[in-house]
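What follows is a set of notes on a single structure, which appears directly below.
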Amino acid sequence: MSSVTSLVQSVDWLAVAPPTITAVVALAVLVADLFVPQERKPLLGWCAIGGLALAALSLVPLVAGDRRTFCLTTDPGVCSYAADHFALVIQFLVLGGALLTALLSVSAVEDDRLPAGEFWFLLLSSAAGAALLPASRDLATLVIALEVASLPAFALVGLTRGNRLSSEAALKFFLSSVAATAVMLLGVSFVYAATGSLHLNRVATALMDLPDPQLATLATAGVALTLVGFAFKTAAVPFHFWVPDTYVGAPLPIAAYLSVIGKAVGFSGLILVTVEGFPSYADVWGPAIAVLAALTMTVGNVAALRQAPERAHSAVRLLAWSSVGQAGYLLVPIAAAGYVDDAAHAIGSTVAYALMYAAVNLGAFGVAALVARTSPANRISDYRGLVTRRPLAALALGFFLLCLAGLPPGIIGLFAKVTVFSAAVDAGLAWLAVVMAVNVVIALYYYLQWTAVLFRPAGETAGAEAVAEAAAEVKAGARVGAGAGAGDTGAEEPRTRAPEGAGAPGLPKAKIPAPIAVAIALAAVLGIILSGAPQLVLRFASGALL
């Protein structure tokens, strides 16, 4: 009887509240969709937003101290779930980012005629998996959380019916992700075979003293293969090829979600397996991640630079390549953690940069969603003279782009880049710091050029061109479902609303949906506050070491 009792363990429901609440609300929305009439479907979106807000609020009681659950009864110190400061910071980023994505999605679900119940269920399910991952402390839970966050994202990318771009994007995303996951599972199996455990702290202890050289070789291969899956999620080169087409083909709020939450999932998993699980193999993953960081920031920024001179290029594609370049910066402190004895500063730098990037990148996508309502192709030329039509939106986008570039008044962007740069220098990675400095200069060009477009006057000629282009976009979008003309427009779905004139006379100004306005305003306010007191971010993230 005592042996049976010893197998029973209590669950700390407060510790697991953030992902649990998100998952429960997802199921509730899916069931409610069966009974809610069509005209009341928008209520499902507001229920999802309320659920995400409630899940974010459930983080507040957890700030008092670390809480662990799902621990081994034979060894209470070995647990599968830990609500420590690292997990709370990443969960705050995930749930806050998902909340802004939900606000951007309210209008998109109605405009693109997406199935409301399925959309909100998939978004909440993915957010639940993303919130679970940073608290996972064994390889099995990590893999499960990664797949729970990823599988709904595949469906969200391809949810736009009758759109060839959306279907192709979902297929590319799915196939490449499945291949990366298969490689990662092979690596996890190698690590388990070498160590006999899946819990990260036990894996770390076992890897320090492997009795057999053959096991050491097996473990080295397992460590390298395990990193592949998380490198894919971070869009690190050469695992980045799915990003541009996926972002352009997905509904725009989902592209924003992938650019922030998808990266948060990848980076938190990468930090867990390297710093927590494989610290004794820092000589393997440290140089590897350093090379990945240099390649990723260079390829991303050079590709984004190629988009900038042609104003007919897609703004979403430019943001996609920009996100690849930003991923390179985020990888730098993780690589630095492999070269120093105390990884606290390095990991804190990554988390601080991720928090800055999440706020301003979601804000930039919010303005892009606003422009896409009247210019479905969402080309950079569609932003010409935005300051005369939407002055507040133009100022907000200019601020977001300057933050990403690291220029005043976007002090938080400059501050985040300096912390990442200092982490590389402190670790003795001078060559990587030089590569980062060069890439920051490269990125200035396309960020500043897009910012300049916002403030260039749009005359009547430009307005007439905008009207003609919008008419062509609608016609081309109508052919997307038949498989023709989709490659040039980049439209998610044909829309029939009148175009917002770029200075064209007689065209009424479309009303800004309140959820999009709130999302942009929240991102802008957060960026302004952090630019005024950037030390708040570093202090908040400094305790994010495992």
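Annotations
- The one condition from (1) open to solvent by less than 10 Å² (accessible area, probe 1.4 Å); (2) touching an Asp or Glu at 6+ places or on another chain (Cβ under 8 Å); (3) not β-branched (Val, Ile, Thr) that residue 373 does not meet is (1).
- Which listed residue, of 392, 330, 414, 362, is within 25 Å of residue 521 (Cα to Cα) and buried (at least 23 other Cβ atoms within 10 Å of the Cβ): 362
- Pairs are defined by a Cβ separation below 9 Å, a sequence spacing of at least 6 or placement on different chains, a first member in segment 60-84 that is under 15 Å from residue 11 (Cβ atoms), and a second member that is open to solvent by 90 Å² or more (accessible area, probe 1.4 Å) and among the charged types (D, E, K, R); the pairs so defined are 76/68; 79/68; 80/68; 81/68; 82/66; 82/68; 83/66; 83/68.
- Residues that are of a type in the set (Gly, Ala, Ser) and either open to solvent by less than 10 Å² (accessible area, probe 1.4 Å) or in a strand (DSSP E or B) (or both) within segment 113-126 comprise 117, 126, listed in sequence order.
- Pair list, Cβ under 8 Å, 6 or more apart: segment 9-25 residue closer than 11 Å to residue 67 by Cα, other residue surrounded by fewer than 15 Cβ atoms within 10 Å (Cβ to Cβ) and not hydroxyl-bearing (Ser, Thr, Tyr): 14/61
- In the set (1) over 22 Å from the mean Cα position of the chain (by Cα); (2) over 30 Å from residue 349 (Cα atoms), the condition left unmet by residue 371 is number (1).
- Screening segment 75-94 for residues that are part of a helix (DSSP H, G or I) and of a type in the set (Phe, Trp, Tyr) and picking the one that is farthest from residue 118 (Cα to Cα) gives 86.
- Reported count of residues in segment 36-73, each being modelled with pLDDT under 90 and outside any helix (DSSP H, G or I), is 12.
- Look at segment 279-295: where a residue is in contact (Cβ under 8 Å) with a residue 12 or more places away in the chain and closer than 14 Å to residue 436 by Cβ and a partner is of a type in the set (Phe, Trp, Tyr) and buried (at least 21 other Cβ atoms within 10 Å of the Cβ), sitting 6+ places away or on another chain with Cβ atoms under 9 Å, you get 292/239; 293/329.
- Among the residues listed as 159, 142, 207, 151, the single one being touching a residue at least 60 places away in the same chain (Cβ under 8 Å) and under 26 Å from residue 50 (Cα atoms): 159
- Scope segment 141-162; condition crowded, with 19+ Cβ neighbours inside 10 Å, more than 16 Å from the chain's Cα centre (by Cα) and closer than 19 Å to residue 119 by Cα; matching residues: 158, 159, 160
- One residue alone among 153, 145 is closer than 25 Å to residue 71 by Cβ and either polar (S, T, N, Q) or assigned to a helix (DSSP H, G or I) (or both), and that residue is 145.
Okay, residues lined up against (1) under 16 Å from residue 448 (Cα atoms); (2) touching a Lys or Arg at 6+ places or on another chain (Cβ under 6 Å); (3) of a type in the set (Ser, Thr, Tyr); (4) not in a loop (DSSP other than H, G, I, E, B):
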{"position": "329", "(1), (2), (3), (4)": "no, no, yes, yes"}
{"position": "345", "(1), (2), (3), (4)": "no, no, no, yes"}
{"position": "363", "(1), (2), (3), (4)": "no, no, no, yes"}
{"position": "374", "(1), (2), (3), (4)": "no, no, yes, no"}
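- Test for residue 75: is it among the charged types (D, E, K, R), surrounded by fewer than 16 Cβ atoms within 10 Å (Cβ to Cβ) and in contact with a strand residue (DSSP E or B) (Cβ under 7 Å, 6 or more places away or on another chain): no
- The single residue among 97, 129 that is in contact (Cβ under 8 Å) with a residue 12 or more places away in the chain, closer than 22 Å to residue 43 by Cα and assigned to a helix (DSSP H, G or I) turns out to be 97.
- Taking the criterion of being open to solvent by 40 Å² or more (accessible area, probe 1.4 Å) and not in a helix (DSSP H, G or I), the only residue of segment 376-389 that qualifies is 384.
- Within segment 202-243, the set of residues being assigned to a helix (DSSP H, G or I), surrounded by fewer than 17 Cβ atoms within 10 Å (Cβ to Cβ) and not aliphatic (A, V, I, L, M) comprises 205, 213, 214, 217.
- Any chance residue 187 is closer than 19 Å to residue 30 by Cα and in a helix (DSSP H, G or I): no
- Yes/no for residue 246 being in contact with a helix residue (DSSP H, G or I) (Cβ under 9 Å, 6 or more places away or on another chain), polar (S, T, N, Q) and open to solvent by 20 Å² or more (accessible area, probe 1.4 Å): no
- Checking each residue in segment 270-321 for being of a type in the set (Gly, Ala, Ser), open to solvent by less than 30 Å² (accessible area, probe 1.4 Å) and either assigned to a loop (DSSP other than H, G, I, E, B) or at positive phi (or both) picks out only 308.
- When residues of segment 32-72 are limited to those that are within 25 Å of residue 540 (Cα to Cα) and touching a strand residue (DSSP E or B) at 6+ places or on another chain (Cβ under 8 Å), the one surrounded by the most Cβ atoms within 10 Å (Cβ to Cβ): 62
The values are calculated or read from the model by the stated rules, or taken from the named source; none is laboratory data. Please read these numbers as outputs of a predicted model, since none were measured by experiment. As a convention, Cβ positions derive from the backbone with ideal geometry for all residues, glycine included, and neighbour counts pool all protein chains shown. Calculation scope for accessible area: heavy atoms of the full protein, side chains included, ligands and nucleic acids excluded. Shrake-Rupley method; radii C 1.70, N 1.55, O 1.52, S 1.80 Å.
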